[in-house]
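The values are calculated or read from the model by the stated rules, or taken from the named source; none is laboratory data. Everything quoted here is computed from the prediction, not taken from an experiment. Heads up, the Cβs are rebuilt from the backbone with ideal geometry, glycines too, and the neighbour counts pull from every protein chain shown.
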């Protein structure tokens, strides 16, 4: 038996600081331009005051100047505002004074940042900065009128004074003063800067030597690696050492906040250049520098071009290939990930997330890198997508390349990797061959992982016991009745063709469907965001609450505690009971320690738990969960299952829409398939599995295993009885 | 985006031609010597807008937005010379026609270009590749951000927060609850955006692109535009030179 290496902290090497690289400078320009442009759109509706006194969202660059440091960031803000205005003109048409106005925007905000950027962002500084930037910009822009002759001097003066007041005060200093306190500490961190005036009692990064020796032929390795983000007191990584060997897939697993994505970014050469921060230790990309293909966990944010083909071609621009060679290689890479020519011609933003993920994968492999870094992309893929991913990884390894694969699904790790590293609290807790690491019950139990189904499925017995069955069989008591609902978007066929079901008190219904099956559309219809084309929804008074699958867009308060309290208040909870109810919800979801935390900086899993807790606070009788399992680590999944069961036990109804059949089997009393706009009841038979497979759904090994033993997968009671044997494991 | 996708005379032109004509046209607006010249420029803009099959509804809306300015510049001075602006009618007419001409030419030409053509054209007229890339990249970011904003609005509605303007006071109270997550969602993309740029080789020097020659008809259009600007410049400068 090969010994499993236990990781421990150590460090060696030199400290680096993140500087404003060209890509980060560009990012600030891009973010500023987009914010300014989107701010311009609603203000366009306000009529101009003659002559040329208009409304512009100056508060956006003023907030950025107030929060970000002076110097290069200020230049980027100035360029970003000019670009935002330029884009507006490209979309709407040019005004007479715009060309000179661009120069005005750049000069005004670069100067404002230079003059005021070093000061703490108090209301007085913001007000003066607002007036100053607006005056400089208005002065330069209005000077374009002087080109028409001296008669325009009156217009020049009027426009300058009017716009200084309008841009600098009305749409500048006043909203900026309101926004800065609520955005301080958030914007800076997202853009990779420290908070002005904050003295962070940072835990020092250790410099030591662990004696880690990478394999001699390692494609890449990190040794004694410590890393801390700007504004963060605690290091995210604490002495990580591991190597990536040719022809090998190294799986990286771990709970939320373990540092998996940070490690990926460092190995990919993105951090700290892209994020800022302090780093200690060594990062080696083999004996020669290797190209790295990197796919982050949010594919849409990785897109830089308008079409799939140009996106992949962009990744080849630095290789010195001819245009024809680039096109050929990009087309081949897209074919490899099963993107059709028709899909490649569509705009990137029109493609569903799973296809955007595939485009990002194609861009990563097109340059034929030695190392692929894939950050948790398998979770959102359908069966066909997963098959493509497996094929791409196999092809890459055949050529001697290495893969670092972040994944928390032990079954997928079992099938895809040769070695696995378990990361906990920034440390490598365990690393070794996959079959040994994933067999280590003791090590896996602490972060909440079960062993893969292919080994033994007795862990399933520890899943939550069925706590709530249907409390009533009468449809009259249904909390929500969905009757022949049909819905289609204006630009296409019906997404929902004929959907009917009812949810009774105490019942948890699972609706499984692949990407594009209509799950999110159904969730929106149930939540009242979309009106059905035909059919009806009848709900009891308590109403329906929906948890959408992206928690990051949900929070508007500065702490989780305030967010929950605000929902309780709106739901009519007496103020004397708000604290008690909030504490109860927090304990159900294990959120006690993060109640005072900013929701913007929670790990995805914790944010999802907080989202569900907050949604439950509104006291609705029916809870709709859209892809609730996505992004959760095993312990968080259990918490969701337990909390949902407890909620149902209190007499509520739950509808869970997911592509994760195993999660639904744990959660729901009965499971139906949503396919091509219709519901189909599942009995949990082999025939059902065949149909689900045809519906492009991933069939988890635990379910295959259960079926082999004659067990249905549609009830958690039966699934909990599934217990495999080594012989069955071998058969799988 | 203004692009209509309709086939037209201007759709088939080289993007470099469209950018250069646009720039020359803007220059000409600043240098033409009188309102009669500006009327000519406006009519030329109208011809371009018609031959580009520009979106008429959009043109009308843009002109409507600027109606107060045009009224102030032309109509009010025409009614009485003691108006506060004290602008002369001729001057007001010249500047108003310039305003209309800029809108016509801008909407006309940009309604015939895809994002990739805009970027290609910018590179073709000598804008550094990184800056040209930024224009295209910003469009991608805008579309993705609009999608994010839609999700934020939906989340806000699901929370039971009223963000319709039927009740203005409630709307004003609730706007921050919409605004803060919207801002954060866009800024949150920053890290991934930089990561994408880094991994797409943004820091590396890109290979120089070989450009195809400009068609003869495009060259003729450019020569005509340049000649018009030069003639206008001569007429504008002639009195100054005479005085000198």
query = Hey, any hits in segment B:92-110 for a residue that's within 9 Å of chain A (Cβ to nearest Cβ) and over 28 Å from residue A:48 (Cβ atoms)?
reply = no
ask   = Just a yes or no: is a residue in segment A:589-596 surrounded by fewer than 16 Cβ atoms within 10 Å (Cβ to Cβ), in contact with a helix residue (DSSP H, G or I) (Cβ under 7 Å, 6 or more places away or on another chain), part of a helix (DSSP H, G or I) and more than 13 Å from chain B (Cβ to nearest Cβ)?
value = yes
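May I ask you to say which residue of A:138, A:134, A:110, A:142 is under 35 Å from the mean Cα position of the chain (by Cα) and either under 18 Å from residue A:36 (Cα atoms) or in contact (Cβ under 8 Å) with a residue 40 or more places away in the chain (or both)? Working first, answer last.
Working: A:138 fails: under 35 Å from the mean Cα position of the chain (by Cα); A:134 fails: under 35 Å from the mean Cα position of the chain (by Cα); A:142 fails: under 35 Å from the mean Cα position of the chain (by Cα).
Unique residue meeting the criteria: A:110.
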Yes/no for residue A:223 being assigned to a strand (DSSP E or B) and crowded, with 16+ Cβ neighbours inside 10 Å = yes
request  = Please go through segment A:78-106 and pick out each residue that is part of a helix (DSSP H, G or I), over 37 Å from the mean Cα position of the chain (by Cα) and within 7 Å of chain B (Cβ to nearest Cβ).
outcome  = A:99
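For the condition more than 10 Å from every other protein chain (Cβ to nearest Cβ), within 21 Å of residue A:566 (Cβ to Cβ) and either surrounded by fewer than 20 Cβ atoms within 10 Å (Cβ to Cβ) or modelled with pLDDT under 85 (or both), what is the one hit in B:173, B:177, B:166, B:157? Working first, answer last.
Details: B:177 fails: more than 10 Å from every other protein chain (Cβ to nearest Cβ); B:166 fails: within 21 Å of residue A:566 (Cβ to Cβ); B:157 fails: more than 10 Å from every other protein chain (Cβ to nearest Cβ).
Result: B:173 is the single residue among B:173, B:177, B:166, B:157 that is more than 10 Å from every other protein chain (Cβ to nearest Cβ), within 21 Å of residue A:566 (Cβ to Cβ) and either surrounded by fewer than 20 Cβ atoms within 10 Å (Cβ to Cβ) or modelled with pLDDT under 85 (or both).
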query = Which of the residues spanning segment A:54-68 are within 13 Å of chain B (Cβ to nearest Cβ) and part of a loop (DSSP other than H, G, I, E, B)?
reply = A:54, A:55, A:57, A:68
ask   = Among the residues of segment A:162-185, is there at least one that is more than 40 Å from the chain's Cα centre (by Cα), closer than 20 Å to residue A:95 by Cα and surrounded by fewer than 16 Cβ atoms within 10 Å (Cβ to Cβ)?
value = no
request  = Go through B:112, B:150 for me and flag whichever is over 20 Å from residue A:77 (Cα atoms), out of contact with any strand residue (DSSP E or B) (no Cβ under 9 Å at 6 or more places or on another chain) and at pLDDT 90 or above.
outcome  = B:112
request  = Check whether at least one residue in segment A:295-303 is more than 10 Å from chain B (Cβ to nearest Cβ) and either touching a residue at least 24 places away in the same chain (Cβ under 8 Å) or within 17 Å of residue B:193 (Cβ to Cβ) (or both), and report yes or no.
outcome  = no
task = Test residue A:69 against the stated conditions and say whether it is surrounded by fewer than 19 Cβ atoms within 10 Å (Cβ to Cβ), touching a residue at least 24 places away in the same chain (Cβ under 8 Å) and within 30 Å of the chain's Cα centre (by Cα).
result = yes
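Which fully enclosed helices (runs of 4 or more DSSP H) of segment A:665-732 have 3 or more residues being surrounded by fewer than 17 Cβ atoms within 10 Å (Cβ to Cβ) and modelled with pLDDT under 75?
Working: elements: A:686-694, A:701-708, A:716-719, A:726-731.
By residue number, A:726-731.
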ask   = Which one is farthest from the other protein chains (Cβ to nearest Cβ), of the residues in segment A:243-271 that are touching a helix residue (DSSP H, G or I) at 6+ places or on another chain (Cβ under 8 Å), buried (at least 24 other Cβ atoms within 10 Å of the Cβ) and in a loop (DSSP other than H, G, I, E, B)?
value = A:254
query = For segment A:195-209, does any single residue satisfy the condition of being touching a helix residue (DSSP H, G or I) at 6+ places or on another chain (Cβ under 6 Å) and away from chain B (no Cβ under 12 Å)?
reply = yes
ask   = Failed condition for residue A:526, given (1) touching a residue at least 40 places away in the same chain (Cβ under 8 Å); (2) under 26 Å from residue A:354 (Cα atoms); (3) away from every other protein chain (no Cβ under 14 Å), with all others met?
value = (3)
task = All but one of (1) touching a strand residue (DSSP E or B) at 6+ places or on another chain (Cβ under 9 Å); (2) within 11 Å of chain B (Cβ to nearest Cβ) hold for residue A:309, so report the exception by its number.
result = (1)
key: Residue selected from segment B:66-79 under the condition at the interface with chain A (Cβ under 8 Å from one of its Cβ atoms) and crowded, with 19+ Cβ neighbours inside 10 Å, by the criterion farthest from residue B:10 (Cα to Cα)   = B:72
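Taking residue A:51 as the residue in question, decide whether it is at pLDDT 85 or above and either surrounded by fewer than 24 Cβ atoms within 10 Å (Cβ to Cβ) or assigned to a loop (DSSP other than H, G, I, E, B) (or both). Give the steps one after another, and end with the answer.
On the way: at pLDDT 85 or above: no; either surrounded by fewer than 24 Cβ atoms within 10 Å (Cβ to Cβ) or assigned to a loop (DSSP other than H, G, I, E, B) (or both): yes.
For residue A:51, the condition - at pLDDT 85 or above and either surrounded by fewer than 24 Cβ atoms within 10 Å (Cβ to Cβ) or assigned to a loop (DSSP other than H, G, I, E, B) (or both) - is not met.
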request  = Find the residue count for segment B:227-244, including only residues that are at pLDDT 85 or above and surrounded by 15 or more Cβ atoms within 10 Å (Cβ to Cβ).
outcome  = 4
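Residues are listed down the side, and each one gets a yes or a no for (1) in contact with a helix residue (DSSP H, G or I) (Cβ under 7 Å, 6 or more places away or on another chain); (2) touching a residue at least 24 places away in the same chain (Cβ under 8 Å); (3) within 14 Å of another protein chain (Cβ to nearest Cβ); (4) not in a helix (DSSP H, G or I):
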site: B:2; (1), (2), (3), (4): yes, yes, yes, yes
site: B:5; (1), (2), (3), (4): no, no, yes, yes
site: B:10; (1), (2), (3), (4): yes, yes, no, yes
site: B:19; (1), (2), (3), (4): yes, yes, yes, no
site: B:24; (1), (2), (3), (4): yes, yes, yes, no
site: B:27; (1), (2), (3), (4): yes, yes, yes, no
site: B:38; (1), (2), (3), (4): yes, yes, yes, no
request  = Test residue A:58 against the stated conditions and say whether it is over 28 Å from the mean Cα position of the chain (by Cα) and either over 18 Å from residue A:138 (Cα atoms) or crowded, with 24+ Cβ neighbours inside 10 Å (or both).
outcome  = yes
key: Residue count, segment A:30-48 (criterion: surrounded by fewer than 24 Cβ atoms within 10 Å (Cβ to Cβ) and at the interface with another protein chain (Cβ under 7 Å from one of its Cβ atoms))   = 3
ask   = Restricting the search to segment B:117-129, which residues are more than 16 Å from the chain's Cα centre (by Cα) and either surrounded by fewer than 17 Cβ atoms within 10 Å (Cβ to Cβ) or closer than 14 Å to residue A:90 by Cα (or both)?
value = B:125, B:126, B:127, B:128, B:129
note = Inside segment A:518-559, the number of residues satisfying the requirement of being in a helix (DSSP H, G or I) and closer than 30 Å to residue A:185 by Cα is 3
Scan of segment A:646-665 for residues that are closer than 15 Å to residue A:587 by Cα and either out of contact with any strand residue (DSSP E or B) (no Cβ under 7 Å at 6 or more places or on another chain) or free of Cβ contacts under 8 Å to residues at least 12 places away in the same chain (or both), ordered by number = A:646
inquiry  = Given the criteria more than 10 Å from chain B (Cβ to nearest Cβ), modelled with pLDDT under 85 and part of a loop (DSSP other than H, G, I, E, B), does residue A:338 qualify?
reply    = no
key: Filtered residue count, segment A:389-426, keeping only those that are more than 22 Å from the chain's Cα centre (by Cα) and part of a loop (DSSP other than H, G, I, E, B)   = 5
